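Participant: The following block contains the structure, expressed as structure tokens.
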Amino acid sequence: MSNYEKPVVVMAEESTEGVYLASGDHLEQCRFGRTEASAGADACQECSKSGGKRATPLPGEESARRDDFKSCVDNMPIKQ
């Protein structure tokens, strides 16, 4: 890529093709739609406790606690 050419926007009414310019702004999400893990979030606590099987406790089961959170099973960054 020794000959760099600055990108330009070209409008052509007859063309049905397009490019989404903000495609790099999409944040990666875990299986439950979160962009970062948090030991204080109920969904993250339950997901970690269940090994990624669920984000809410089963009926009659005790809710997960902060101590149940070990790490994010989807390797999301942990909220500081």
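We did not get these values from a lab; they are worked out from the coordinates using the rules stated. All figures in this text were calculated on a predicted structure; none of them were measured in a lab. Here the Cβ positions follow ideal geometry from the backbone for every residue, glycine too, while neighbour counts run over all protein chains shown.
Participant: What's the total number of residues in region 42-77 that are in contact with a Phe, Trp or Tyr (Cβ under 9 Å, 6 or more places away or on another chain) and either more than 23 Å from residue 28 (Cβ to Cβ) or in contact (Cβ under 8 Å) with a residue 24 or more places away in the chain (or both)?
Facilitator: 5
Participant: Let me ask something else. Kindly establish whether residue 72 is within 17 Å of the chain's Cα centre (by Cα) and outside any loop (DSSP other than H, G, I, E, B). Reasoning before the result, please.
Facilitator: Details: within 17 Å of the chain's Cα centre (by Cα): yes; outside any loop (DSSP other than H, G, I, E, B): no.
When the stated conditions are applied, residue 72 does not pass them.
Participant: Could you list, in sequence order, the residues of region 38-64 that are surrounded by 14 or more Cβ atoms within 10 Å (Cβ to Cβ) and of a type in the set (S, T, N, Q)?
Facilitator: If the condition is that a residue be surrounded by 14 or more Cβ atoms within 10 Å (Cβ to Cβ) and of a type in the set (S, T, N, Q), then 38, 45, 48, 50, 56 are the ones that fit.
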